[in-house]
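Novice: Next up is a structure, given as C-alpha cells.
The values are calculated or read from the model by the stated rules, or taken from the named source; none is laboratory data. Just so it is clear, the model here is predicted, and its values are computed rather than measured. Reconstructed Cβ throughout: ideal geometry from the backbone, glycine too, with neighbour counts over all protein chains shown. Keep in mind that these areas ignore ligands, DNA and RNA; they rest on the heavy atoms of the full protein, side chains included. Shrake-Rupley method; radii C 1.70, N 1.55, O 1.52, S 1.80 Å.
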Amino acid sequence: MDNKNTFTITDNRTGKSYEIPLTDGNIRAMDLRQIKTNPEEFGTMAYDPAFTNTASCRSAVTFIDGAKGILRYRGYPIEQLAENCTFLEVAWLVLNGELPTEAQLKAWTDEITHHTLIHENIKKLMEGFRYDAHPMGMFISSVAALSTFYPEAKNVRDAEVRKAEIPRLIAKVPTIAAWAYRHSIGQRYVYPDNNLSYTANFMNMLWRKVESKYAANPVLARALYVLFILHIDHEQNCSANTMRAVGSSEADPYATTAAAAAALSGPLHGGANEKVLRMLREIGHKDNIPAYIERCKKGELKLMGFGHRVYKNYDPRARIIKRTAEEVFEVTGRNPQLDIALELEKIALEDEYFVKRKLYPNVDFYSGIIYQAMGFDTKMFTVLFAIPRTVGWLAQWQEMITDKEQKIARPRQVYVGYDQRDFVPMEQRTS
Ligand code: ACO
C-alpha cells in the first residue's frame, strides 16, 4: 500500500479528485478552497461554529488529552508542577519553555517584585467606581487603563518591549485585583509588600488590617499558589483565543489582556465557580440533589462546574483541587457546601445522563468552595482566575506574535441573508 501523507477528496458534483497534504495529521482549511464547480466560485470552506474542530495555531505551550484527562505545561504534567514548584517558577516555564535555573528564578522573582506598584492615577480611577462595582469589571477596566500609562507597549513586534511589558503585567494584576476587592468592601487599598512571595503579598493586599506586617498562613498561601498554577494556561480556550484574536490586530498587551479578561468573565468560562456556589446554596441540602439533577437532565438547568469542551474525563485540575481542599479545611474548618458538592458529584457520576455525555467535574467545581473557605467573596472568584491566567494569555500572545504563519485573525462566514434587493421608501414599508 502506498503510504502517502495525503488525503484524496473527490468532489461528487464534478467527479474531480484533489490530493490534499496532511501536516501533523491535519489538513489546511485553505487547501479546500481549490474545490469548486467552476472557476468563478469562491471555493469550499470549512464551516465550524464555535471552533469545535478547528486548530487556529500551532502551539508548544500546553498539551491536553481530554479523553485521558491529561494536562501538561511545556511537557511537564500538571500534577508534578503543582507538587514541586512555586507559581513564579511555573510562570517562567510557561513563558520561556524551560524550568528556570536558580539564578533565573531569583532574577525573575526580583523583576516581578519590583513592578507590583501601580500608578496613583490608576488608584484614583479605581476609586471612581461605584461602591458595589463588581471586582471583575474593575479589573478589566483597570488593566485596559494601564495601556495609557505605557504607550511604548504598542510596539508589540519589538522583543525588548514584550520582555518589559510581560513581567509588568504579571506583577500588577494582583495589585489591581486586591484593590478591586478592597474597594468592594469599602476598605483602604493596601500597598504591596515586596518582601513577601507573590501569593503571600496578594493576601497581604487583600486582608491586611491595622497590623504593621501581614503574616499569611503558610497552608493557605501554598493552596493559593497551587490554585494559581492550575489556572495558568489551558491552551485555546475562549479567553486565550480572544487574547490571540485581539492581539493579532497588534493592539497593545494591556488592551489585549483586558479583552481576554472580559472573555473570562462569562459564566460559561471563568464565571462558573461563582455559579457553582450559587447552585450549592440553591440546592441547600443533600436531600434536594435528586430533584436538582432531574431539572438538569430536562435541560432546565446546567449542573455548573460539570462538563468541559475538551475534557471528556475527570479534569486533572479538579482532582488536585479536591486534595488541596482537604488541606485548606484543616485550617479553616469544613465548609458545609463541600458535603453537598461531594454528594452531587457522586450522584452525577453514576447517572446515565452525565455518564453518556461524559460530563465530569471541571476545575470550577471545587475551586469556589476552597476560595470561599479561605475567606474570598464569591465576586472575587473570576478575578482570582484572571491573575494566573494572565501568564497563560501572555505566553499565547507572545507565541502568536512571533509565529510567522499568523496574521490578523479574520474568520469567514456562510452568508445566509437576503440576496440583493431594492431600497423601500418609508411610506411603502409594512411591519
Ligand atoms: N449540565 C447538564 N448538561 C450539560 C452540562 C451541564 N453542566 N454540560 C453539557 N451538558 C449537556 C448539553 O446539554 C448537551 O446535551 P445534549 O447532547 O443532549 O444536547 C451535551 O451535554 C453536550 O454539551 P455541549 O453544550 O455541546 O458541550 P460544550 O462543549 O459546548 O460545552 C461547557 C462545554 C460550556 C463547559 C458546558 O459543559 C457547560 O456549560 N458547563 C457548565 C458551565 C461550566 O462549568 N463551565 C466551566 C468550564 S471550565 C472553564 O471554563 C475553566
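Novice: Do we find that Thr382 is touching a residue at least 40 places away in the same chain (Cβ under 8 Å) and in contact with a Ser or Thr (Cβ under 6 Å, 6 or more places away or on another chain) in this structure?
Specialist: Yes.
Novice: Hey, can you tell me all the residues within region 288-306 that are in contact with a Leu (Cβ under 8 Å, 6 or more places away or on another chain) and either of a type outside the set (Ser, Thr, Tyr) or not in a helix (DSSP H, G or I) (or both)?
Specialist: Ile289, Ile293, Arg295, Cys296, Leu303, Phe306
Novice: Now for a separate question. Output the residue which, of all residues in region 247-297 that are among the basic types (Lys, Arg) and away from the ligand (no atom under 14 Å from the Cβ), is most open to solvent (accessible area, probe 1.4 Å).
Specialist: Arg281
Novice: Determine the pairs where a residue that is touching a residue at least 60 places away in the same chain (Cβ under 8 Å) and within 24 Å of Val190 (Cα to Cα), located within region 214-243, has a partner that is open to solvent by less than 10 Å² (accessible area, probe 1.4 Å) and within 14 Å of the ligand (Cβ to nearest atom) with Cβ atoms under 6 Å apart, the partner being 6 or more residues away or on another chain.
Specialist: Phe228/Pro388
Novice: On the given criteria, is Lys322 within 16 Å of the ligand (Cβ to nearest atom) and in a loop (DSSP other than H, G, I, E, B)?
Specialist: Values: within 16 Å of the ligand (Cβ to nearest atom): yes; in a loop (DSSP other than H, G, I, E, B): no.
No, not satisfied.
Novice: Is one or more of the residues making up region 206-218 in a loop (DSSP other than H, G, I, E, B), of a type in the set (Val, Ile, Thr) and open to solvent by 10 Å² or more (accessible area, probe 1.4 Å)?
Specialist: Yes, there is a match, as at least one residue in region 206-218 is in a loop (DSSP other than H, G, I, E, B), of a type in the set (Val, Ile, Thr) and open to solvent by 10 Å² or more (accessible area, probe 1.4 Å).
Novice: I've got another one for you. Can you tell me which residues in region 298-311 are near the ligand (Cβ under 9 Å from one of its atoms) and open to solvent by 20 Å² or more (accessible area, probe 1.4 Å)?
Specialist: Listed by number, the residues that qualify are Gly299, Leu301, Lys302, Met304, Phe306, His308, Arg309, Val310.
Novice: Restricted to region 373-405, and to residues that are among the polar types (S, T, N, Q) and assigned to a helix (DSSP H, G or I), which residue is nearest to Cys57 (Cα to Cα)?
Specialist: Filtering region 373-405 for residues that are among the polar types (S, T, N, Q) and assigned to a helix (DSSP H, G or I), the one nearest to Cys57 (Cα to Cα) comes out as Gln396.
Novice: Determine, yes or no, whether Asp351 is surrounded by fewer than 21 Cβ atoms within 10 Å (Cβ to Cβ) and within 16 Å of the ligand (Cβ to nearest atom).
Specialist: It is true that Asp351 is surrounded by fewer than 21 Cβ atoms within 10 Å (Cβ to Cβ) and within 16 Å of the ligand (Cβ to nearest atom).
Novice: Does region 331-341 include one or more residues that are under 22 Å from Asn288 (Cα atoms), part of a loop (DSSP other than H, G, I, E, B) and either basic (Lys, Arg) or touching a Cys at 6+ places or on another chain (Cβ under 7 Å) (or both)?
Specialist: Step one: of region 331-341, the residues under 22 Å from Asn288 (Cα atoms) are 334-341.
After this cut, where a residue has to be part of a loop (DSSP other than H, G, I, E, B) as well, the list is 334-335.
Restricting the remaining residues to those that are either basic (Lys, Arg) or touching a Cys at 6+ places or on another chain (Cβ under 7 Å) (or both) gives 334.
Within region 331-341, one or more residues are under 22 Å from Asn288 (Cα atoms), part of a loop (DSSP other than H, G, I, E, B) and either basic (Lys, Arg) or touching a Cys at 6+ places or on another chain (Cβ under 7 Å) (or both).
Novice: Right, another one. Taking the options Ile369, Ile293, name whichever one is at pLDDT below 90 and of a type in the set (Val, Ile, Thr).
Specialist: The match here is Ile369.
Novice: Can you pull out the residues in region 27-48 that are among the hydrophobic types (A, V, I, L, M, F, W, C) and out of contact with any strand residue (DSSP E or B) (no Cβ under 9 Å at 6 or more places or on another chain)?
Specialist: Listed by number, the residues that qualify are Ala29, Met30, Phe42, Met45, Ala46.
Novice: While we're looking at this one, here's another question. Evaluate region 189-201: report whether one residue or more is under 23 Å from the mean Cα position of the chain (by Cα), within 29 Å of Glu250 (Cβ to Cβ), crowded, with 18+ Cβ neighbours inside 10 Å and among the small types (Gly, Ala, Ser).
Specialist: Looking for residues that are under 23 Å from the mean Cα position of the chain (by Cα), within 29 Å of Glu250 (Cβ to Cβ), crowded, with 18+ Cβ neighbours inside 10 Å and among the small types (Gly, Ala, Ser), one finds none in region 189-201, hence no.
Novice: Looking at region 100-145 only, could you name the residues that are open to solvent by less than 40 Å² (accessible area, probe 1.4 Å), part of a loop (DSSP other than H, G, I, E, B) and touching a residue at least 12 places away in the same chain (Cβ under 8 Å)?
Specialist: Thr116, Ile118, Ala133
Novice: Of Ala82, Ala67, Ala60, which residue is part of a loop (DSSP other than H, G, I, E, B) and at pLDDT 95 or above?
Specialist: The conditions single out Ala60.
Novice: Of everything in region 204-246, what is within 22 Å of Val310 (Cβ to Cβ), of a type in the set (D, E, K, R) and away from the ligand (no atom under 16 Å from the Cβ)? Give them in sequence order.
Specialist: Correct list: Arg244 only.
Novice: Within region 11-26, track down each residue that is farther than 27 Å from Cys57 by Cα and either in contact with a strand residue (DSSP E or B) (Cβ under 6 Å, 6 or more places away or on another chain) or open to solvent by 90 Å² or more (accessible area, probe 1.4 Å) (or both).
Specialist: Listed by number, the residues that qualify are Asn12, Arg13, Lys16, Ser17.
Matching residues to (1) of a type in the set (Asp, Glu); (2) in a helix (DSSP H, G or I); (3) at pLDDT 95 or above:
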{"position": "Asp2", "(1), (2), (3)": "yes, no, no"}
{"position": "Ile9", "(1), (2), (3)": "no, no, yes"}
{"position": "Lys36", "(1), (2), (3)": "no, no, yes"}
{"position": "Ser56", "(1), (2), (3)": "no, no, yes"}
{"position": "Leu71", "(1), (2), (3)": "no, no, yes"}
{"position": "Leu95", "(1), (2), (3)": "no, yes, yes"}
